[in-house]
1. Please report, for the Cα atoms of the range A:264-320, the Rg to one decimal and the Dmax as a whole number; what are they, in angstrom?
2. Taking chain B as the reference, fit the longest principal axis to its C-alpha atoms, fit the long axis of helix B:24-35 to the helix C-alpha atoms, and give the angle between the two in degrees, 0 to 90, nearest 10.
3. Please average, across the residues of A:116-123, the number of beta carbons from any other chain that are within 10 Å of each residue's own beta carbon, and give a whole number.
4. How many percent of DSSP beta bridges within the protein assembly as shown run antiparallel, rounded to 5?
5. Let me know the shape class of the protein assembly as shown, please: from the alpha-carbon gyration tensor, a ≥ b ≥ c as square roots of the eigenvalues, rounded when a/c is under 1.5, otherwise prolate if a/b is greater than b/c, or oblate.
6. What are the extents of the Cα atoms of the range A:1-46 along their three principal axes, in Å, largest first?
7. Let me have the 222 nm mean residue ellipticity of chain A computed from DSSP H runs of 4+ only, each contributing -39500 (n - 2.57), with the sum over all residues rounded to the nearest 500.
8. What number results when the radius of gyration of the range B:16-55, computed over Cα atoms, is divided by 2.2 N^0.38 Å?
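Since every read-out is calculated from the coordinates, none of them should be taken as a lab result. Given the structure is predicted, the values throughout are model-derived calculations rather than measurements. Backbone-built Cβ (ideal geometry, glycine too); neighbour counts: all protein chains shown.
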Ligand SMILES: Nc1nc2c(ncn2[C@@H]2O[C@H](COP(=O)(O)OP(=O)(O)OP(=O)(O)O)[C@@H](O)[C@H]2O)c(=O)[nH]1
Ligand SMILES: [Mg+2]
């Protein structure tokens, strides 16, 4: 039930399919520009309907190659597809080499594929803090499917849970210890397990291990993870992979998982936003507001404890609104 | 922890048009730009001018760096500039590296390639020029 809001011009351009406007808006979102705020507010009502497929898994298992294969399959079926591929930012320089695009093969003049590389910019969990909002822009631009490739650190790519509606955990034969770390984190969030590089020896064993794990693991919200075998480079198994993803999307739609998981995710987002804003305001006020500065002086002098000071700050903030 | 950012990082596309299969040089430059705090979109080998321009627009980059060894620069570089102009994106500066004879380099600069680096160029020089080009573009 969206209110009939008049969209700002940039939002209109994005909805109309202007890819330059979309590209610039994504930059604004990444950079936290003021212009992005209005845009995201006005376009939110147009998000929430796409299949957002997260691909997570250890370094080099073939996530980008699978993205490329899935893009090929969807385009062969005339379906538009957006891609967001996240790579890590260097903790030292803040810079990044974003290399997932290398695997992309598509017609340079195909407007129905949009591929965007993102740096994690210090966020942990395999995606950037703005990835969710970037996916929303792609949805507003009319992409019914959005593929999200995570950083590729394996066990810690669990933030994909926050953005994806179907989570694919990618593995490959002979990962050895990597599989152990997968079990520790990613394993619990997988809707689909994909054993890629199945053209290499050892795929049978890897598949059997995963199938066993998948059957041992308690089903989540009534869904038991499926296991598929692919070779992204051959390619083979891509249709099966897509079918498994579609099956989970259909399950979600039918089971009301949407109401549950989606609701939890959005509640968490609201809490995060309130916390961030309140924390920012208070940090500034402790420096700029003389009354609060005196309060802080008291805490420094041990005349007041930090908990009581926090109570006072909260009371003062709530009154100020 | 990532140091606090006073301004958003420069986004630069590094691509290798042409048919030769060596991208060592391009990768070294990509890493140097990363170490200078830039976000480098590495598009890889054998990119057509159409693919390069498409990637630059999708990724909304501030700067494009082209690397070539095969000698096809006189065909490929001007084509990239033409396509950018056609898309209304001629404000995105383009620099180039590779083995490019002086005569060709002069002509390419007249056509609008903003800087050209030969095999003797230092990484420092390339990084500094890239920063200047990106910051003064918009
Ligand atoms: N034999 C074989 N090689 C593959 C397959 N899929 C990918 N590769 C190769 O594995 C290497 C890594 O592939 P990518 O698709 O870049 O892997 P990735 O998971 O995206 O890598 P990161 O983003 O760096 O974590 C490349 O050399 C691919 O050609 C496959 O199905 N079989
Ligand atoms: Mg990748």
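1. My reading of the Cα-based Rg and Dmax gives 13.3, 42 Å.
2. It works out to around 20 degrees.
3. Across the residues of A:116-123, the mean count of other-chain Cβ atoms within 10 Å is 5.
4. 5
5. Oblate, because a/c is 1.5 or more while a/b does not exceed b/c.
6. Each principal axis gives a Cα extent; for the range A:1-46 these are 30, 20, 14 Å.
7. When only DSSP H runs of four or more count, the value is -15000 deg cm²/dmol.
8. Dividing the Cα radius of gyration by 2.2 N^0.38 Å gives 1.21.
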